Amino acid sequence: KAGVTQTPRYLIKTRGQQVTLSCSPISGHRSVSWYQQTPGQGLQFLFEYFSETQRNKGNFPGRFSGRQFSNSRSEMNVSTLELGDSALYLCASSLALAGGAGELFFGEGSRLTVL
Amino acid sequence: AQSVTQLDSQVPVFEEAPVELRCNYSSSVSVYLFWYVQYPNQGLQLLLKYLSGSTLVKGINGFEAEFNKSQTSFHLRKPSVHISDTAEYFCAVINYGGSQGNLIFGKGTKLSVKP
């Protein structure tokens, strides 16, 4: 079955612009999480959505937002881009098993460069 | 708050040699532990996970890890590495009962296998 699909794979923006990234989870997965990966900070949790509701949120400013649609697809948005937002943004989906025992399946990421 | 420490940021090793990548987590509460691998320009792929039961966990590609609760460690091992094992490896943890979308990752260990 198809894996997690993220679009676009690469994009270049300038400071002050906004960007929207898309994630299609594995069919049947209701949980979608977003992570930011940078060389300095590693993998940092942004937020998790489950059944269209934000279930958890990491320690990022309000410029970072997301949503999930009824078909479990998710988008994240970053407004007023800063140079430091340059990163690989990874989406992961899961079955959301009780107690946290399930596996996260990751997409290949969207690499954002802010100039 | 839970945290994960990967003690080595880079590990160079020759082909067919054994390797150990070290991982320690901070909290002694009941946890689930994971190792993920990331190949260049790709997302993360699950190598193995510890949920309960036997403390020695076997994963894909010949990797295994041992859970040590008293030392709060989950070191990854492979008896004989291949060039194709060159990648970045991430240890991750989630507290039992937590949301599986919110994994806490270590900063990663870059394994470089030389011929």
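Miscellaneous remarks
- Counted as qualifying within the range B:25-106 are the strands (runs of 3 or more DSSP E) with 2 or more residues that are open to solvent by 60 Å² or more (accessible area, probe 1.4 Å) and not acidic (Asp, Glu), namely B:44-50, B:56-58.
- On inspection, A:LEU90 passes the criterion of being facing chain B (nearest Cβ under 7 Å), within 30 Å of B:SER30 (Cα to Cα), open to solvent by less than 20 Å² (accessible area, probe 1.4 Å) and of a type in the set (A, V, I, L, M, F, W, C).
- Count of residues meeting criterion [under 22 Å from A:GLY102 (Cβ atoms), open to solvent by 20 Å² or more (accessible area, probe 1.4 Å) and touching a strand residue (DSSP E or B) at 6+ places or on another chain (Cβ under 8 Å)] in the range A:17-44: 5
- Close pairs (8 angstrom Cβ cut-off, 6 or more residues apart or separate chains): closer than 27 Å to B:ALA92 by Cα in the range A:8-35, among the charged types (D, E, K, R) and open to solvent by less than 10 Å² (accessible area, probe 1.4 Å) anywhere: A:SER31/A:GLU48; A:VAL32/A:GLU48; A:SER33/A:GLU48; A:TRP34/A:GLU48
- Filtered residues of the range B:9-27 (kept if in contact with a Lys or Arg (Cβ under 6 Å, 6 or more places away or on another chain) and charged (D, E, K, R)): B:GLU20
- For the range A:60-83, the set of residues classified as of a type outside the set (Ser, Thr, Tyr), touching a residue at least 12 places away in the same chain (Cβ under 8 Å) and open to solvent by 30 Å² or more (accessible area, probe 1.4 Å) consists of A:PHE60, A:ARG63, A:ARG67, A:PHE69, A:ARG73, A:GLU75, A:ASN77, A:GLU82, A:LEU83, listed by residue number.
The values are calculated or read from the model by the stated rules, or taken from the named source; none is laboratory data. Source: prediction; values computed, not measured. Note that each Cβ is placed from the backbone with ideal geometry, even for glycine, and that neighbours are counted across all protein chains shown. Heavy atoms of the whole protein, side chains included, go into the accessibility calculation; ligands, DNA and RNA do not. Shrake-Rupley method; radii C 1.70, N 1.55, O 1.52, S 1.80 Å.
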